[in-house]
Every structure is written in C-alpha cells, then in structure tokens.
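Report on the structure given below.
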Amino acid sequence: MEKTKKNLKSIGEFGLIEEYIAPEFKDLVKEHMTGIGDDCSIIPVSKTTSHIFTTDMLIEKTHFLRDKITPYQLGFKSLAVNLSDIAAMGGKPVGSYISIGLPKDIELSWIEEFMKGYKALSEEEDVPLLGGDTTSSENSIVINIGVTGEIQNQNIKKRSAAETGDIICITGETGESAAGLQALFLDLPEDNKTKPLFEQHLSPYPHISEGKWLAKHKDVHAMIDVSDGISSDLMHILNASSRKGNIDLEKIPMTNALLNFCNTHQIDPTELALSGGEDYILLLTIQGEAFENIAKNFMDKFQKPLYPIGKIEDGKPKIAYYKNNQEVENIRKGYTHF
Ligand code: ADP
Ligand code: MG
C-alpha cells in the first residue's frame, strides 16, 4: 500500500495496521513467533506447546453506551470478546489482565457490578484475573483486556490455512447482536421478541469449547471469530490464505427472532447476518470431504449444527455471493472503525 493518503479515515483501521504499524516491527519479530495479523499472537514455548495472547479494547460511546448496558453485562462482555479471540485459535485461556480508565465520579456500586460480571465468566471458564492497571479518565470509561492462553502446536488454527475446496462454516447464527443494538437505539422494551436479541448483543458467550474441539481436527484448516460480521471476517481468511470465497446466501442461518425483528422494522436480515458484527461465533474452513463427518460429531457434541455457508476456491481474495445459483452484486461489507 502506498503512503499517499492524508488521514486515518482514508485508510481505515486495517490500512493503518498494515501500512503504518505492522511493517515497522516486522524485522523485530523472531522467526518462531507469529505477530500482527491473526486473532492472537503465538509464541512457541516448546516443541509441542505455544503461548497465545490477545488484547481488545472497549471505549464508552464507541463500543457501549453507559445507560444501555448494565455494568454486570459490560464486565461479562469485556472478557467475552477477548476470550473469543482465544477460541478463534482453538486455544485454552489461562489468565486475564484488565486495565481500566474510570471517571472520578463513577459509583462504587457500578464497579462492583462490573467486576461481578467479569468474575461470572472468569469462573465459568476457569480463567483467573492475573493483573492490570487502573487510571482516572476525564469523562469516558475505557476498558482494555488482555488474555493469555495455551495451545498444542499441532492444533493451532491460523487465518492463513484455508485451502481450495474447503467448506466455509459457522458455529452459530449471526445478526441477532446487530438487531439487539438497533433495538437498544429504538428504546424497545424487553419482551419475548427482543430478549434473545438483547442477550446476544449484551452478553455474548464466547465459543471456547467449540474452538478447542474443532482445533483437534486436522481437517479444520483456517479459523477466526466473527467480531465485524461474516463478510469482513471471511475476507481476513481469504486475504491471509490468498483464496476466493463463495457464500451461498440461502444457507446463512437466521433465527426467528432476527427475522421477526427485521420484518417489523423493515430491515434486510441478510445485511445484519452478513455485516452486523459482534456475533462472537467462529467462522472456519473444513476440508471438503471431511465436513460431513465433523458436522455430525459437532452436532452430537454440542447439540447444535455446524452451518456450511460456502466454499473456498482458487482466485484473488474476494467474496462472491450467490442466491439460487446466481451471483448477487452490491452486498454491504462488515463494520470498520474510522
Ligand atoms: P480481532 O478483531 O481478532 O481482535 P483486529 O481486527 O482487532 O483483530 O486486529 C487485527 C490484527 O491486528 C491482530 O493481529 C491485532 O493484534 C493487530 N492489531 C490491531 N491493532 C493493533 C495495534 N494498534 N498495534 C499492533 N497490532 C494491532
Ligand atoms: Mg478476532
């Protein structure tokens, strides 16, 4: 990429990382390490195992609105979105670190509830809090979390491992979280219709068990978690693997809660399912012939389907969307900062 553009908006989040950050440090990254470019960095510690690490930030007004999420939910979600990146590698989380910037006037009960939510997921996944940092912040709440994990070297699932003929699949439905966000903006009350959407948006559960299980299969090739939407996150796999992806729009699973919400509010459910973001499911590619067997065992293990939504092909990195075997143009892409 040429350094000709003037401001951050013109190059975007990924342009910034690829053009201004990653190249500057490439030479310092030792040969055995994997740095910027995947869901976690990887540092091998022996012939058989590696340490993995990930960090993600949540900023008030960018990632959450203080009056639209309870502190308990925010504590839970802050850890969940980080554990999701450990899940994306197929790893086991070992410990977490939290750095927080808090306005001076924040109520202690808010912090107490926040930590209760953080602890609930820590206990559920048996991940201790090991450290962090605390500072004051002028107005906004700033949260940065880091999670370390471990993984057997042979189980590591990178974004760059997709192969031609692989089936693209997802470990859960998408779009509900984005619908939940819209429902929050519309100030809709919690009822039977909105509850699953709010839950998905405010308290996503990271697919750690699914990731660890999938990672044990050598026919599972590339894996990523879906934070910016299927389209955007599949593009990361395609770019890293230098392959093209076909998505069959009819195969994108959609829940009744999503369909009903979109019907009522005249929103295209496909758009939310493809590019809404914050789903925190896993998107992976599986060797063509191995898919059926792995999907059957996945169903036995987790009592839910592994949804096939498309195929990896030879070709320049791009996604082709199909409906009734016809290619469809003008599909909106995922969320990007700036
Ligand atoms: P994810 O959504 O999985 O958390 P991101 O899209 O945020 O991943 O980041 C993509 C890659 O770029 C990751 O490997 C991440 O560690 C790296 N990255 C993001 N921001 C920075 C930064 N400011 N400095 C260094 N690396 C970064
Ligand atoms: Mg990720």
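The values are calculated or read from the model by the stated rules, or taken from the named source; none is laboratory data. Just so it is clear, the model here is predicted, and its values are computed rather than measured. In this analysis, Cβ positions are derived from the backbone assuming ideal geometry, glycine residues included, and neighbour counts consider all displayed protein chains. We work out accessible area using only protein heavy atoms, side chains counted, and drop any ligands, DNA or RNA first. Shrake-Rupley method; radii C 1.70, N 1.55, O 1.52, S 1.80 Å.
Please give the Cα centre distance for segment 137-156 versus segment 211-245, rounded to the nearest Å.
19 Å
Could you tell me what percent of the accessible area of the chain is made up of carbon and sulfur, with a 1.4 Å probe and every protein chain present?
Within the chain, the accessible surface is 50 percent carbon and sulfur.
Can you give the three extents of the C-alpha atoms in segment 159-328 along their principal axes, from longest to shortest, in whole Å?
46, 35, 25
For all pairs of alpha-carbon atoms in the chain, what percent lies in each bin of width 10 Å, listed from the first bin to the last filled one?
5, 24, 34, 26, 9, 1
Using only protein heavy atoms and a 1.4 Å probe, report how much of Leu258 is accessible, in Å² to the nearest 10.
Approximately 0 Å² for this residue.
Please work out how much length the chain gains when fully extended from Leu108 to Glu31, using 0.36 nm per residue of separation minus the C-alpha to C-alpha distance, in nm with one decimal.
Value of the extension gain: 23.1 nm.
Apply the a/c threshold of 1.5 to the C-alpha gyration tensor of segment 71-202 and tell me whether it is rounded, prolate or oblate.
Oblate shape, in that a/c is at least 1.5 and b/c is the bigger or equal ratio.
Name the residue from Gln73, Gln152, Gly132 whose Cα lies farthest towards the positive end of the charge dipole of segment 67-160, charges +1 on Cβ of Lys and Arg and -1 on Cβ of Asp and Glu.
The listed residue farthest towards the positive side: Gln152.
How would Thr54, Thr135, Thr148 rank on accessible area, largest to smallest, probe 1.4 Å?
Per-residue accessible area, sorted high to low, gives Thr135, Thr148, Thr54.
Under DSSP H, which helices of the chain have Cα atoms covering 15 Å or more of the helix axis and a Kyte-Doolittle average no less than -1.0?
Flagged H segments are 71-89, 108-124, 230-241, 291-302.
For Lys26, which aspartates and glutamates qualify as cross-link partners when the Cα separation must be under 12 Å and same-chain residues fewer than eight apart are set aside?
Straight-line reach from Lys26, under 12 Å: Glu18.
Only Cα pairs within less than 10 Å get springs; with that Gaussian network setup on the chain, which residue of Asp27, Asp219, Asp85 has the largest fluctuation?
Asp27
Can you run the Rg to Rh ratio on segment 12-155? Use alpha carbon positions and the Kirkwood inverse-distance Rh.
Checking Rg against Rh, the ratio lands at 1.01.
For segment 261-290 and segment 1-63, what is the centre-to-centre distance using only Cα atoms, to the nearest Å?
25 Å
Over the chain, with the other protein chains present, what is the accessible area per residue in square angstrom, probe 1.4 angstrom?
Computed with neighbouring chains in place, this is 52 Å² per residue.
Given a 1.4 Å probe and the protein chains all in place, what does the accessible area of Arg159 round to, in Å² to the nearest 10?
So the heavy atoms of Arg159 present about 40 Å² to solvent.
With a point put 7 Å past each Cα toward its Cβ, work out how far Glu289 is from Lys316 in nm, to one decimal.
Going from the Glu289 label point to the Lys316 one covers 3.3 nm.
Which order do you get for Asp166, Asp314, Asp268 if you rank them by accessible area with a 1.4 Å probe, largest at the top?
The most accessible residue leads, giving Asp314, Asp268, Asp166.
Helix-only estimate, please: 222 nm mean residue ellipticity of the chain, summing -39500 (n - 2.57) across DSSP H runs of length 4 or more and dividing by its residues, to the nearest 500.
-10500 deg cm²/dmol
For the charge dipole of the chain, defined by +1 on Lys and Arg C-beta atoms and -1 on Asp and Glu C-beta atoms about the Cα centroid, which residue among Leu284, Ala320, His32 has the Cα displaced farthest towards the positive pole?
In the chain, that residue is His32.
Are there any GluC sites (Glu not before Pro) in segment 1-68 that are in a DSSP loop and have at most 14 other Cβ atoms within 10 Å? List them by number.
Those that pass, being in a loop and sparsely packed, are Glu2, Glu31.
When the dipole is taken about the Cα centre of segment 1-150, and only Lys, Arg (+1) and Asp, Glu (-1) are charged at their Cβ, what size is it in debye, to the nearest 20?
With only Lys, Arg, Asp and Glu charged at Cβ, the dipole is about 280 debye.
For a Förster distance of 56 Å, can you work out the FRET efficiency between the beta-carbons of Glu123 and Glu329, rounded to the nearest 0.05?
0.70
Under the 0.36 nm per residue contour assumption, what length would be gained going from the current alpha-carbon distance of Tyr20 and Leu8 to full extension?
Extra length available between Tyr20 and Leu8 comes to 3.3 nm.
Is there a quick way to get the dipole size of the chain? I mean about its Cα centre, with the Cβ of Lys and Arg at +1 and of Asp and Glu at -1; what is the value in debye to the nearest 20?
Once rounded to the nearest 20, the dipole reads 600 debye.
If the chain between Thr70 and Lys193 were fully stretched, how many nm would it gain, using 0.36 nm times the residue separation less the Cα-Cα distance?
Taking 0.36 nm per residue and subtracting the Cα distance, the gain is 42.3 nm.
If you take every DSSP beta bridge whose two residues both sit in the chain, what share of them, in percent to the nearest 5, is antiparallel?
Counting DSSP beta bridges with both partners in the chain, the antiparallel share is about 75 percent.
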